[in-house]
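A.B. asks: Would you mind keeping the following structure in view while I ask a few things?
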Amino acid sequence: MRSDKQNRTPMGLKIAAGIGLAFLHLPILLIFLYAFTTEDKSYQFPPPGLTLKWFAVTWNRPDVWEALSLSVRVASISTVVALVLGTLCAAAISQTKFFGREAISLLVILPIALPGIITGISLRSAFNLAEIPFSFWTIVLGHATFCVVVVYNNAVARFRRVSGSLIEASMDLGADGFQTFRHVILPNIGTALLAGGMLAFALSFDEVIVTTFTAGQQATLPIWMLEELVRPRQRPVTNVVAMVVVLVTFLPILAAYYLTRDGDQISGQGK
Amino acid sequence: MSSAASAPSAAMLPGRGGLGGALSDAFWRNPKLLLFVMLTPPLLWLGIIYLGSLFALLIQSFFSIDEFSGLVVREFTLKTYGELLRPSNLDIIVRTVTMAGLVTIASAIIAFPIAYFAARYAKGRWKAVFYLGVMLPLWSSYLVKVYAWKLILAKEGILSWIFDKLHLTFLIEGWLALPVVGGNSLSVSLTGTFLVFVYVWLPFMILPVQAALERVPGNLLEASADLGASPRQTFVNVLLPLALPGIIAGSIFTFSLTLGDYIIPQIIGTSHRFIGMAVYAHQGTAGNIPLAAAFTVVPVVIMGIYLWLAKRAGAFNAL
């Protein structure tokens, strides 16, 4: 009889899980409230009044637009590089067995397993030693390095499910390697790549620690926010930008979830 | 076709024409060539750019800085590592490791009920709600999350307001009056730093714990109960040992991420430094790259030991 009791959810567990989830989400919801506050000198709660005017103010800020544009460009290029490198690596690792395979998968994961500050400072000192000036491309270099792993994780999980006999069948039926890739492999791994690409984009769009070392004087959106956090100057504008960033990053994550929902999971554990 | 005539496959099929066809044939006949072509770009990128930079940094940690000119002396020495043992630098290391340990323990305690509920009781739609409920905070902007806590912990913020409405303000004031954990307000105290660390890294603990718990068969718990164990005994003797690899896997993230972070303690915290802040300060205005490099070796060594212990505990199967 005691086993029957176990199948109902204990009240204490329900409450603890509920509080835990609330702890994860309430702070983010608070951002939405603050975007509408009329108070612009402090973080007063409850807000003395609500207004939409800060959205207009933010809309007319060239520095916000420049930071946003730089972030989007960096994230796009990094995602493309990560897609190519990550897919190649995943294909090689999952389709063949060779000496040093474990070492390569470790190498891919390393940039994200080590604290970001180590990646950042080592890239920066390498740029110094090689006398490479900071530019758009130094940011991309750093971002693509840690974005590879996200694409790789998603692609490897999917490659494991693509049966090798499918590829052999395609070749037996006369398709060459490129045709097989285009018509057999790509349709099978397409959604996994799309999901990996979206997560890579979100990761790059949000990255701040490595970027502080590789950006020089340029400001991506997270760097812009960091400056506002360290020395608050325009709190209302920061509130609005924070809210927009939350909304913008939610979309690719939701999309990636729906793309990989059946079967394997989104490999987000390695952020 | 003529060039491929000697290959065994040509006995059955004619070779393909054109450059693409020839390449395709070559890859099919010689899979090692394909492997080589596939692996070269990622290995060039990660092996040369990334590993190269890491090694360059490691080498620089064995250089030292000339105390008079402030220039880096490129001679092999252990002097810089000796500087790590100065009381002020040891303080930073001890503070960071203690914080990482406490954050890990707190994350494990908060994560467990969420992971257990999601793994065992959530079905169908609720399963998706829990999954996204963890994924969305995990992936939403790091800085926005830190910013949200700046709003919460501010003196005029929501937390003070709630405690004021409950007439419990003396609790916060009493806590802030304590040494070490206290401060002028929550947003400039180590308590604040701790809360934000736990918040930001919590999802990294939930996911592996949930993965470990999902592998625990439900009838094992029923058997334990049928054999007369109280829920507490079942938890301690059955559930916890089975969840431990997941907790250790999660702790790798919470521990490593706390060790390397320098933004959270800079925005919400006291003037006491953490390893990341020391690295940032030494490589920046101070220009002391060797000491900064030696400081970065500390978390790497700590994580190396930690990973080795975790591997022995079988945590990697839960990742």
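A.B. asks: Please state which of the following conditions B:LEU220 fails to meet, knowing it meets all the rest: (1) closer than 21 Å to A:PHE23 by Cβ; (2) in a helix (DSSP H, G or I); (3) over 16 Å from the mean Cα position of the chain (by Cα).
C.D. replies: With respect to (1) closer than 21 Å to A:PHE23 by Cβ; (2) in a helix (DSSP H, G or I); (3) over 16 Å from the mean Cα position of the chain (by Cα), B:LEU220 is out only on (1).
A.B. asks: Among the residues of segment B:187-213, count how many are closer than 22 Å to B:ALA122 by Cβ, surrounded by fewer than 22 Cβ atoms within 10 Å (Cβ to Cβ) and of a type in the set (Val, Ile, Thr).
C.D. replies: 0
A.B. asks: Still on this structure: Within segment B:82-94, does at least one residue satisfy the condition of being in contact (Cβ under 8 Å) with a residue 12 or more places away in the chain, buried (at least 20 other Cβ atoms within 10 Å of the Cβ) and touching a Leu at 6+ places or on another chain (Cβ under 6 Å)?
C.D. replies: Taking every residue of segment B:82-94 in turn, none turns out to be in contact (Cβ under 8 Å) with a residue 12 or more places away in the chain, buried (at least 20 other Cβ atoms within 10 Å of the Cβ) and touching a Leu at 6+ places or on another chain (Cβ under 6 Å).
A.B. asks: Next up: How about segment A:108-144: which of its residues are under 24 Å from the mean Cα position of the chain (by Cα), in a helix (DSSP H, G or I), free of Cβ contacts under 8 Å to residues at least 40 places away in the same chain and buried (at least 19 other Cβ atoms within 10 Å of the Cβ)?
C.D. replies: A:PRO111, A:ILE118, A:SER122
A.B. asks: Sticking with this structure for a sec: Being among the basic types (Lys, Arg) and either more than 9 Å from every other protein chain (Cβ to nearest Cβ) or touching a residue at least 12 places away in the same chain (Cβ under 8 Å) (or both): is that true of A:ARG182 here?
C.D. replies: So A:ARG182 passes the test.
A.B. asks: Could you pull out the residue among A:THR38, A:THR58 that is of a type in the set (Val, Ile, Thr), surrounded by 12 or more Cβ atoms within 10 Å (Cβ to Cβ), away from chain B (no Cβ under 14 Å) and within 15 Å of A:LEU247 (Cβ to Cβ)?
C.D. replies: A:THR58
A.B. asks: So which of B:LYS145, B:LYS165, B:LYS155, B:LYS127 is among the charged types (D, E, K, R) and either under 16 Å from B:TYR199 (Cα atoms) or modelled with pLDDT of 90 or more (or both)?
C.D. replies: Exactly one residue qualifies, and that residue is B:LYS145.
A.B. asks: Could you list, in sequence order, all residues of segment B:121-170 that are at the interface with chain A (Cβ under 7 Å from one of its Cβ atoms) and polar (S, T, N, Q)?
C.D. replies: Of everything in segment B:121-170, those that are at the interface with chain A (Cβ under 7 Å from one of its Cβ atoms) and polar (S, T, N, Q) turn out to be B:SER140, B:SER141.
A.B. asks: Hey, among A:PRO111, A:PRO46, which residue is touching a helix residue (DSSP H, G or I) at 6+ places or on another chain (Cβ under 6 Å) and within 9 Å of chain B (Cβ to nearest Cβ)?
C.D. replies: The match here is A:PRO111.
A.B. asks: Let me ask you something else. Taking segment B:111-134 only, how many residues are in contact with a helix residue (DSSP H, G or I) (Cβ under 6 Å, 6 or more places away or on another chain), more than 17 Å from B:THR258 (Cα to Cα), part of a helix (DSSP H, G or I) and not aromatic (Phe, Trp, Tyr)?
C.D. replies: 7
A.B. asks: For segment A:204-218, indicate whether the set of residues that are within 19 Å of A:ILE77 (Cβ to Cβ) and more than 13 Å from chain B (Cβ to nearest Cβ) is non-empty.
C.D. replies: Yes, the conditions are met somewhere in segment A:204-218.
A.B. asks: Conditions: (1) more than 7 Å from chain B (Cβ to nearest Cβ); (2) assigned to a helix (DSSP H, G or I); (3) surrounded by 15 or more Cβ atoms within 10 Å (Cβ to Cβ). A:CYS89 meets all but one. Number of the miss?
C.D. replies: A:CYS89 satisfies all of (1) more than 7 Å from chain B (Cβ to nearest Cβ); (2) assigned to a helix (DSSP H, G or I); (3) surrounded by 15 or more Cβ atoms within 10 Å (Cβ to Cβ) except (1).
A.B. asks: When you go through A:VAL140, A:VAL150, A:VAL162, A:VAL156 one by one, which is the residue that is of a type in the set (A, V, I, L, M, F, W, C) and in contact with a Leu (Cβ under 6 Å, 6 or more places away or on another chain)?
C.D. replies: Residue meeting the stated conditions: A:VAL150.
A.B. asks: Looking at segment B:153-162, is at least one residue more than 21 Å from A:LEU29 (Cβ to Cβ), surrounded by fewer than 20 Cβ atoms within 10 Å (Cβ to Cβ), among the hydrophobic types (A, V, I, L, M, F, W, C) and without any contact (Cβ under 8 Å) to a residue 24 or more places away in the chain?
C.D. replies: Scanning segment B:153-162 turns up no residue that is more than 21 Å from A:LEU29 (Cβ to Cβ), surrounded by fewer than 20 Cβ atoms within 10 Å (Cβ to Cβ), among the hydrophobic types (A, V, I, L, M, F, W, C) and without any contact (Cβ under 8 Å) to a residue 24 or more places away in the chain.
The values are calculated or read from the model by the stated rules, or taken from the named source; none is laboratory data. Model, not experiment: these values are computed from the prediction. Positions of Cβ are generated from backbone atoms using ideal geometry, with glycine treated the same way; all protein chains shown enter the neighbour counts.
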